[in-house]
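J.: The structure follows.
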Amino acid sequence: MRTILVTLTLVSLTGAAAFAADITAGQAAFARACKMCHGPDGTPNPAIAKMMNVDMKDLKSADVQAMSNDDIKKIISGGKGKMKPIASVSGSTLDDVAAYIHTLKK
C-alpha cells in the first residue's frame, strides 16, 4: 500500500512539473511581444502611452499582480481597451508570459 502511495505521489508531482509554466520562456516571449509597450520590466513606455492617449498600468502594480493568470491570459489573447490581442502569444506561451508577469512584483 505504501509503495502505491509513493508511486502515485511521484507521478502526480512529475505531471505537475511538466505542466508548470516556464518563466524563462515567458520572459523571452514578453521581450518579443510586450516589451515595446510595457517596457522590459513592466513599466509602461511613456511615448507609446502618450501616442495612444492611454493610461497603461505598470505591470508591477498591486492591481496587476492581484490578477489571476487566467485574467492576464484573457487580456493578452483578447486585448483590452486600445490594446489589441497579441496573436503571437498563444497556447502554452500564454501560461509562460502570465507567470513571468507575476515575477515583476515591486
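The values are calculated or read from the model by the stated rules, or taken from the named source; none is laboratory data. Computed from a prediction, not measured in an experiment: that's the story for all the values here. Cβ placement follows ideal geometry from the backbone for every residue including glycine, while neighbour counts extend to all protein chains displayed.
J.: Of the residues in region 18-52, how many are over 17 Å from residue 93 (Cβ atoms) and either in contact (Cβ under 8 Å) with a residue 24 or more places away in the chain or of a type in the set (Val, Ile, Thr) (or both)?
T.: Residues that pass the stated criteria total 6.
J.: For region 55-98, name all the residues that are of a type in the set (Asp, Glu), assigned to a helix (DSSP H, G or I) and surrounded by fewer than 16 Cβ atoms within 10 Å (Cβ to Cβ). Before you say what the answer is, go through the steps one by one.
T.: First pass over region 55-98, keeping only residues of a type in the set (Asp, Glu): 55, 58, 63, 70-71, 95-96.
Now narrow it down to the ones that are assigned to a helix (DSSP H, G or I): 63, 70-71, 95-96.
Within region 55-98, 63, 70, 71 qualify.
J.: Inspect region 9-31 for any residue being at pLDDT 60 or above, part of a helix (DSSP H, G or I), surrounded by fewer than 14 Cβ atoms within 10 Å (Cβ to Cβ) and of a type outside the set (S, T, N, Q) and give the result as yes or no. Outline the logic, then answer.
T.: First, pick out the residues of region 9-31 that are at pLDDT 60 or above: 20-31.
Pick out the ones that are also part of a helix (DSSP H, G or I) and you get 23-31.
Narrowing the set further to residues that are surrounded by fewer than 14 Cβ atoms within 10 Å (Cβ to Cβ) leaves 24, 31.
Within this subset, residues satisfying the condition of being of a type outside the set (S, T, N, Q) are 31.
Yes, region 9-31 has at least one match.
J.: Same structure, new question: Go through region 63-100 and give me each residue that's over 15 Å from the mean Cα position of the chain (by Cα) and among the aliphatic types (A, V, I, L, M).
T.: Within region 63-100, 83 is the sole residue that qualifies.
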